[in-house]
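As structure tokens, the structure follows; a few thoughts come after it.
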Amino acid sequence: MKRNIITAILMTVVTTILLGLVYPLVVTALAQVLFPSKANGQLIVQGGKVIGSRIIAQPFTGAGYFHPRGSAAGTNGYDAANSGATNYSPTNQKLVDRVKADVAAAQSENPGKPVPVDYITTSASGLDPDITPANAEFQAPRVAKERGISVDKALELVRQHTEERQFYLLGEARVNVLELNLELDSKYPLQRRASR
């Protein structure tokens, strides 16, 4: 009996050290060596300052910027410490009213054009950094007008920032909003700064 208890305690100590310390340290070290950008959150740095992450949505609201999907994460949305959706059911009146209002606002912005679903719906995490190409194309006229460029120039930037399905099989085509807006600021700066 005493031998079994000693064996159990030693196994617990050995597996805790191996699986709780050694394994995580080895995996972390390999990730830092093989994929340093991904292991560190895919941060985007400009002028020595971190301005965002490629994998977490940023709240762009100005008319001269492409907007990400809506967010219910946190009080004002886009709160990475409070990721999550509203969990409203499709029949919840608050959700129905919000979607109707968003569709009406979108149709007034682009009359006669179909509104992309991801333009009016929030993502499950509330932090989705990507929008569909259709969503970006829908927003292009507003952005082009605000920046004083042609819609064709805005659409060309959207095409340049469209990532196709991975291996032509996984996921959907997508546009990273932060990277697209940074390119916009670089190529076609706003004359007066819109709120970001």
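The values are calculated or read from the model by the stated rules, or taken from the named source; none is laboratory data. Remember, predicted model here, so these are calculated numbers, not experimental data. Methodologically, a virtual Cβ is constructed for each residue, glycine included, from the backbone with ideal geometry; neighbour enumeration extends over all protein chains shown. Ligands, DNA and RNA are stripped out before the accessible areas are found, and what is left, the full protein with its side chains, is counted by its heavy atoms. Shrake-Rupley method; radii C 1.70, N 1.55, O 1.52, S 1.80 Å.
Short-range pairs are left out: with C-alpha atoms under 8 Å and at least six residues apart, the relative contact order of segment 80-196 is 21 percent. For segment 49-81, the residues whose amide N sits under 14 Å from a probe point set 7 Å from the Cα of residue 35 along the beta carbon direction are 55.
With all protein chains in place and a 1.4 Å probe, the accessible surface of segment 26-183 carries 57 percent carbon and sulfur. Pairs of Cα atoms nearer than 8 Å and 6+ residues apart set the relative contact order; for the chain it is 22 percent. By how many degrees, between 0 and 90 and to the nearest 10, does the Cα long axis of helix 93-109 differ from the longest principal axis of the chain? That works out to roughly 50 degrees. Computed from backbone phi, the HN-Hα couplings of segment 115-129 come to 8, x, 4, 6, 6, 10, 10, 8, 7, 4, 7, x, 10, 5, x Hz, rounded to whole numbers (Karplus: 6.51 cos²θ - 1.76 cosθ + 1.60, θ = phi - 60°; Gly and Pro given as x).
Summary of packing: across the peptides 56-68, 20-32, the per-residue average of other C-beta atoms within 10 Å ranks them, highest first, as 56-68, 20-32.
Rounded, prolate or oblate for segment 45-104? Axes are the square roots of the Cα gyration tensor eigenvalues, ordered a ≥ b ≥ c, and the cut-off for rounded is a/c under 1.5. Cα axes put segment 45-104 in the oblate bin. Solvent-accessible surface of segment 64-118, taken per residue with a 1.4 Å probe and all protein chains present: 61 Å².
Going by a ≥ b ≥ c, the root eigenvalues of the Cα gyration tensor, does segment 12-73 fall in the rounded group (a/c under 1.5), the prolate group (a/b larger than b/c) or the oblate group? Prolate, since a/c reaches 1.5 and a/b exceeds b/c. Reported to the nearest whole Å, the Cα centre-to-centre distance from segment 143-162 to segment 40-96 is 22.
Between 0 and 90 degrees, the angle of helix 23-34 with respect to the longest Cα principal axis of the chain falls at about 40 degrees.
Summary of packing: across the peptides 151-162, 1-12, the per-residue average of other C-beta atoms within 10 Å ranks them, highest first, as 151-162, 1-12. Here the simple spin-label model places points 7 Å from the Cα toward Cβ, and for residue 49 and residue 99 these points are separated by 4.0 nm. Using the alpha-carbon atoms, what tilt in degrees (0 to 90, nearest 10) does helix 177-187 show relative to the longest principal axis of the chain? Once rounded, the angle reads 50 degrees.
All Cα-Cα distances of segment 108-190, cut into 5 Å bins from zero to the largest, leave 3, 14, 23, 24, 20, 11, 4, 1 percent in each bin in turn.
From the Kirkwood radius over Cα pairs of segment 38-168, Stokes-Einstein at 4 °C and 1.567 mPa s returns a whole-number translational diffusion coefficient of 80 µm²/s.
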